[in-house]
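Presented below is the structure to which this report refers.
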Amino acid sequence: PAAASSRRRAAHRGFLGSPPRASEHNEAAGADPDDEQEGAAEEGNFLYGTDINENTIVRHFLRFVWRFRLPDTQGQQSHYIQELHRAWEECTQRQQGIKLKINAEHIHRFSPVLYGHMVNFPTEVIPIFDRELWSVSVRELRAEPEDLGSCQAQVHSLLDKDCRIMRSMNPTDIEKLMCVKGIVIRVSDLMPDMLSAVFRCTTEDCKNELPVPLSHWAIEEPTRCELCGANHSFAIVHNESTFADRQLLKLQEPPELVPDGETPQNVAVCVFDDLVDVVRPGDRVEVTGIYRASPVRPIKNFKQCSSVYRTYIDSISITFERKGRIDAMSNDYEFEQGKPPRLSEKRDLDPVANNEEDIKWNEKVRELAADTDAEGRHTIVGKLVQSFAPSIYDEDEVKKGLLCQLFNGTPKAAGKTVQGRCRPEINTLLCGDPSTAKSQLLQYAFKLAPRGIYTSGKGSSAVGLTASINKDPATGELVLESGALVLSDRGVCCIDEFDKMDDGARAIMHEAMEQQTVSVAKAGIVTSLNARCSILASANPKESSYDPKLSVVENIHLPKNLMSRFDFIWLMLDKRDREMDTRLATHLVSMYSVSGVRKRTEPAVEPELFRKYVSFARRWVFPEMSSDARAALKKAYLDLRNQGTSREAITATPRILESLIRISESLAKMELREEVSQADVDEATRLLKAATYQAAIDPETGKLDMAQLTIGMGAAKRKRAKEIETMLQEILYEKQEEGTFGVDQLKLFINERLGDKKEKLATDTEFYDALGAAEREGLIRRSGKSVQVII
């Protein structure tokens with residue numbers, strides 16, 4: 001044991017086929033090398049297959065660790081010595097070791113030679129980094145070697161020349177370090193990766209145990225027991241063997257990197273140890289790893305291999321792509337425990353939990369939210385509306401609604417005895433005339449969302465939205481691949497051309513939009529997947545342009561019960577107004593002219609600060625209802641409920657009340673307030689009336705009727721349909737002795753009675769609806785163009 005502890009430790013990484021070679025630990029190990037040794041003759045081992053001396057790499061790396069400093073590095077110690085101390089301080093159990101993130105750009109800035117060796121020979125160089133980091137740790141912490149676990153260097157942020165897109169990776173990149181960006185579309189189960197095995201002799205009187213380490217990706221079973229001399233008597237003891245965590249990811253090219261006319265390509269990524277379960281489907285990540293190729297055996301258990309190799313990436317580090325996007329929300333476990341973070345506690349400014357850059361941004365966000373005008377009113381909401389999609393003219397109300405969707409409400413547990421939560425996400429539908437910037441607003445919201453998928457209704461199937469069953473090429477097992485709704489979990493799913501979606505795909509949306517889950521029962525896999533996403537959809541009218549004489553359900557080919565699940569239904573109509581058209585034309589022309597670009601005003605909030613502001617509100621602000629807000633909500637709901645002109649008109653549903661709560665909370669979030677005020681409820685009611693209630697106006701009466709969104713027709717149409725049904729039944733009872741009638745004859749009888757009452761004649765749709773109702777009640781039997789009375 002004493003001899004073992006005196007050896008320098010290097011972590012056995014998952015990409016290594018054999019354990020790294022240990023070397024003797026001495027007092028000089030890990031020290032800052034002397035500059036005078038640079039010109040001395042090199043002595044020591046060379047890396048296998050290269051002319052690079054190992055001592056050269058050790059000397060360059062130690063100088064980098066001991067001497068590299070950033071402009072803002074404080075104190076006498078170098079940047080990475082400080083990071084090493086910080087990592088060991090945060091480590092609760094030193095025997096487990098640490099992982100130290102190293103920026104590859106820093107290595108290149110300090111020593112381009114060392115950077116080149118690391119990129120070209122990562123399998124040999126990175127274990128040397130691990131070993132020397134451990135030696136530096138022993139020296140700096142003045143600890144006993146046996147008290148410290150191994151150190152792992154997680155290299156990230158390679159130079160642009162070493163970053164690849166998936167379709168540009170070629171055989172010259174094999175066994176080299178590279179960086180690739182993509183979207184995670186599948187995550188496998190955890191797989192144990194054996195590092196060393198313990199074999200026990202099965203002879204009754206022997207029971208000799210022999211540990212065998214991994215060697216060149218294989219563990220050879222011993223054939224002869226040295227103790228008792230028996231041949232082929234060993235059996236593996238799994239409980240005493242050593243395993244490491246391993247997981248397989250499937251990475252797909254992001255849409256913006258796919259060339260025109262091409263389909264996105266995939267690559268397999270192997271992750272190990274602490275990188276397991278770090279990502280989930282839908283995450284945009286940047287993977288730094290070693291590009292590998294492995295032979296494929298077309299026939300199992302045969303030594304013959306195919307000439308085409310299977311390629312994959314062994315990951316060294318994984319970083320999330322956050323550039324230009326809002327950070328994701330915090331997990332729900334805080335709310336399930338009933339302890340959401342409070343803004344007044346200033347946890348966002350705590351240097352223990354946040355780095356210096358995040359604290360600077362958080363201070364800027366707090367200052368921005370505190371800005372007021374001359375009258376003392378907060379100006380942040382107006383600034384955010386001006387900065388959201390500044391290239392789109394006007395539509396401030398719609399932009400404010402989309403901002404509410406980005407901020408969302410406060411997550412709340414469904415109850416102490418019930419699992420689940422109340423939906424805080426806001427669903428929005430944009431519908432109306434062509435060329436009203438619906439798709440542009442969708443694209444802008446999609447680019448801002450922390451995660452999400454942009455898809456088209458016509459090109460989306462039920463399987464593509466939920467999950468598909470595929471066979472894993474590596475294991476041959478059936479696995480689930482997540483669809484658009486599941487990949488958008490905790491983000492925004494943008495669906496263009498929503499009205500052209502298939503009926504099967506629409507049926508899926510009902511569960512996803514309210515319960516926020518997707519249930520799957522396929523090929524023996526029965527599960528419920530999370531789809532906690534906001535739905536942002538756009539739809540065009542059936543007749544190209546919106547007909548104000550028809551209801552919104554009649555204009556747009558959508559199921560009625562699906563419409564009621566949207567919190568906002570914005571009607572974006574192309575109205576003819578000379579003054580408005582002049583301002584719009586001036587705005588559009590200025591976007592494409594040199595003089596217009598010069599005169600263009602900058603947005604009130606710069607884009608990066610805008611994204612940080614929304615991220616801050618989603619992470620740290622969780623407003624609660626005040627007593628005044630609760631009373632205002634109750635009053636607003638009752639007022640909306642009693643707006644109708646008759647008992648038959650439905651003007652508000654419980655879903656409207658839930659929408660008001662969510663919108664009020666999102667408005668409070670915009671100003672970073674922890675309490676929802678009465679003014680928030682009033683503004684939420686105004687926005688709801690400007691959006692959904694504008695779409696729920698009955699075109700025949702001009703009155704509000706929410707039943708249009710649930711059953712597809714207003715109160716006047718329902719009353720007329722009931723009259724025609726009653727009239728048809730009266731005619732059938734009066735003339736039941738005649739037995740059989742023609743369809744046209746029955747319609748003539750109805751129109752005569754309507755003419756006597758001086759009412760509008762029945763249309764074909766109204767007549768056949770009444771005829772179908774009579775048939776369902778068992779009054780008639782239809783046969784072609786004839787109707788038989790069976791009363």
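The values are calculated or read from the model by the stated rules, or taken from the named source; none is laboratory data. All values reported here derive from a predicted model rather than from experimental measurement. Cβ atoms come from the backbone with ideal geometry, glycine included; neighbour counts cover every protein chain shown. The protein model used for the area step is the full one, side chains on, heavy atoms only, and it has no ligands, DNA or RNA in it. Shrake-Rupley method; radii C 1.70, N 1.55, O 1.52, S 1.80 Å.
What is the dipole size for region 438-586, taken about its Cα centre, with +1 at each Lys and Arg Cβ and -1 at each Asp and Glu Cβ, in debye to the nearest 20? All intermediate terms of the calculation are to be shown ahead of the outcome.
Details: 18 positive and 19 negative charges, 45 e Å.
Here the size comes out at about 220 debye.
Given the peptides 92-103, 143-154, arrange them by the average over their residues of other C-beta atoms within 10 Å, most packed first. Walk me through the numbers before you get to the answer.
Working: 92-103: 15.2, 143-154: 17.8.
Top to bottom by mean Cβ count within 10 Å: 143-154, 92-103.
Sorted by mean Cβ packing within 10 Å, highest first, what order do the peptides 778-789, 287-298, 656-667 take? It would help to have the intermediate numbers written out before the result.
On the way: 778-789: 13.7, 287-298: 16.6, 656-667: 23.6.
Ranked from most to least packed, the peptides come out as 656-667, 287-298, 778-789.
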Place a label point 7 angstrom from the Cα of His85 along the Cα-to-Cβ direction, then list the residues of region 142-161 whose backbone nitrogen is under 13 Å away. 142
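Among 75-81, 275-281, 312-318, how do they line up by average Cβ neighbours within 10 Å per residue, starting with the highest? Intermediate results must be reported in sequence, preceding the final value.
Working: 75-81: 16.4, 275-281: 18.1, 312-318: 22.3.
Per-residue Cβ counts within 10 Å, averaged per peptide and sorted highest first, yield 312-318, 275-281, 75-81.
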Of the accessible area of region 147-207, with the probe set at 1.4 angstrom, what percent is carbon plus sulfur? 50 percent
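Percent of accessible area on region 501-572 owned by carbon and sulfur, 1.4 Å probe?
The C+S portion of the solvent-accessible surface of region 501-572 is 49 percent.
I'd like to check one number: the per residue accessible area of region 198-290, probe 1.4 Å, reported in Å² as a whole number.
Counting only protein heavy atoms, the per-residue value for region 198-290 is 56 Å².
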Using a 1.4 Å probe, what is the accessible area per residue for region 481-579, in Å²? 42 Å²
Any idea which of Pro450, Gly401, Cys431 is furthest toward the positive side of the dipole for region 369-462, if Lys and Arg beta-carbons carry +1 and Asp and Glu beta-carbons -1? Pro450
R0 of 30 Å, Cβ-Cβ distance Ile790-Thr763: FRET efficiency to nearest 0.05: 0.70
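Which whole-number value in Å² is the accessible area per residue of region 50-94, probe 1.4 Å?
Numbers: 2420 Å² over 45 residues.
Solvent-accessible surface per residue comes out at 54 Å².
Among the listed pairs Lys635/Lys669; Lys447/Lys612; Lys181/Lys612; Lys181/Lys458, which are separated by more than 19 Å between their Cα atoms?
Numbers: Lys635/Lys669 22 Å; Lys447/Lys612 14 Å; Lys181/Lys612 22 Å; Lys181/Lys458 28 Å.
With Cα atoms farther than 19 Å apart: Lys635/Lys669; Lys181/Lys612; Lys181/Lys458.
Just how large is the dipole of region 106-172 about the Cα centre, in debye to the nearest 20, putting +1 at every Lys and Arg Cβ and -1 at every Asp and Glu Cβ?
Working: 7 positive and 9 negative charges, 90 e Å.
With only Lys, Arg, Asp and Glu charged at Cβ, the dipole is about 440 debye.
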May I ask you to evaluate 6.51 cos²θ - 1.76 cosθ + 1.60, the Karplus curve with θ = phi - 60°, for each residue of region 194-200 and list the ³J(HN,Hα) values in order in whole Hz, giving x for glycine and proline? 6, 9, 8, 10, 10, 10, 10
